[in-house]
Amino acid sequence: MKKVLKSAVLSGLLVLALATSAFAVTAKDIGVVDTQKVIESSSLSDLYKSANDEMKALEDNIKKEMLDKSKKLEDAKKTNLSADKLKEMEDQFKKDLETKRNEGQVLYQKKQAELEETQKKVKLDIDEAIKKVADEKKLGVVFDKQVVLFGGVDVTEDVMKKIKK
């Protein structure tokens, strides 16, 4: 009885060892990619910079225009304009300010939507490039470099080359 039990345990261990070795992944089968570096080398970082530059220019333009109008209003208050005329200028100033704010919000939302759409496209491109590199290098798995503490084959440059093609 002991022999049968011992034999069954050994058989079970042998089956377990064979099964786990079939799924074992060695360090050379693991790829790592620095996705942040890939994104920075892609067109996405240029689009972010461009969108931020456009938004800053818009904000600066609005500020300048509103400062000019505010200065004109202050200058008008120093003159002998009638109260009705001053009230009309103040009302127009408030209306212009609100219009500019609304225009800024619309533009901001439009730029956000464009960036989100581009982000999706870039992510798909990066994922596709990673898959191609993994297939070419016969890698079983590819992780983001930030989650791997040690080991793995760095395929960042290969992924960046695939994207630029």
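The values are calculated or read from the model by the stated rules, or taken from the named source; none is laboratory data. In this text, all values refer to a predicted model and were calculated from it rather than measured experimentally. Cβ sites come from the backbone with ideal geometry, for glycine too, and all protein chains shown count toward neighbours.
Scanning the range 102-161 for residues that are more than 16 Å from Val32 (Cβ to Cβ) and either among the aliphatic types (A, V, I, L, M) or in contact with a Ser or Thr (Cβ under 8 Å, 6 or more places away or on another chain) (or both) yields Val106, Leu107, Ala113, Leu115, Thr118, Val122, Leu124, Asp125. Among the residues in the range 13-35, are any at pLDDT 85 or above and in a helix (DSSP H, G or I)? Looking for residues that are at pLDDT 85 or above and in a helix (DSSP H, G or I), one finds at least one in the range 13-35, hence yes. Once the range 88-114 is narrowed to residues that are of a type in the set (Asp, Glu) and within 28 Å of Asn52 (Cβ to Cβ), the residue that is modelled with the lowest pLDDT is Glu114. Could you go through the range 142-155 and let me know if any residue there is surrounded by 12 or more Cβ atoms within 10 Å (Cβ to Cβ), under 22 Å from Ser43 (Cα atoms) and in contact with a Gly (Cβ under 7 Å, 6 or more places away or on another chain). Yes, the range 142-155 contains a residue that is surrounded by 12 or more Cβ atoms within 10 Å (Cβ to Cβ), under 22 Å from Ser43 (Cα atoms) and in contact with a Gly (Cβ under 7 Å, 6 or more places away or on another chain). Inside the range 41-87, residues that are within 30 Å of Lys162 (Cα to Cα), outside any helix (DSSP H, G or I) and at pLDDT 80 or above make up a count of 0.
Taking each residue of the range 120-145 that is without any contact (Cβ under 8 Å) to a residue 12 or more places away in the chain and looking for partners that are assigned to a helix (DSSP H, G or I) and among the acidic types (Asp, Glu) with beta-carbon atoms closer than 7 Å, six or more apart or interchain, yields nothing.
For the range 111-122, state whether one or more residues are over 27 Å from the mean Cα position of the chain (by Cα) and either outside any helix (DSSP H, G or I) or surrounded by 14 or more Cβ atoms within 10 Å (Cβ to Cβ) (or both). No; the residues of the range 111-122 include none that is over 27 Å from the mean Cα position of the chain (by Cα) and either outside any helix (DSSP H, G or I) or surrounded by 14 or more Cβ atoms within 10 Å (Cβ to Cβ) (or both).
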